[in-house]
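Worksheet: one structure, shown below.
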Amino acid sequence: MHDISDLEGRGIPAVFVASREFLRAAEAQARALGFAPERVLVPHPIQDRTDEEMRAYADAAYAEIVRAVTSQR
C-alpha cells in the first residue's frame, strides 16, 4: 500500500491487486495513509494454486486491472 501511495503521489497510476481476504486490512491501511487506491480483488487463497490456476485468475482480472489503471483520477 505504501508503494501505491508513493507512485500515485508521483503521478504514476497504480492499482492494488490482492486476494479478497485482505480487503479489510487494505482499506484500513489506505485510510491510515489518507488515500483511496484503485483496487482489484481476486479469489482467496492463492498460495496453493497451480500455475494454470494463477494464469486463470490473472486472465479473469486483466480487464478490471486495465480499467482501474486507465481510469485513474
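Below, the figures for the structure above:
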read-out: Which listed residue is within 13 Å of the chain's Cα centre (by Cα) and modelled with pLDDT under 95, from Glu38, Glu64; value: Glu38
read-out: Enumeration of residues in the stretch 36-70 that are surrounded by 13 or more Cβ atoms within 10 Å (Cβ to Cβ) and among the aromatic types (Phe, Trp, Tyr); value: Tyr57
read-out: Yes/no for Ala18 being in a helix (DSSP H, G or I) and out of contact with any strand residue (DSSP E or B) (no Cβ under 6 Å at 6 or more places or on another chain); value: no
read-out: The stretch 22-73, subset in contact with a Pro (Cβ under 7 Å, 6 or more places away or on another chain) and assigned to a helix (DSSP H, G or I), residue farthest from Asp3 (Cα to Cα); value: Tyr57
read-out: Selection from the stretch 30-69 of residues that are of a type in the set (Val, Ile, Thr) and in contact (Cβ under 8 Å) with a residue 24 or more places away in the chain; value: Val40, Val42, Ile46, Ile65, Val69
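The values are calculated or read from the model by the stated rules, or taken from the named source; none is laboratory data. In this text, all values refer to a predicted model and were calculated from it rather than measured experimentally. Heads up, the Cβs are rebuilt from the backbone with ideal geometry, glycines too, and the neighbour counts pull from every protein chain shown.
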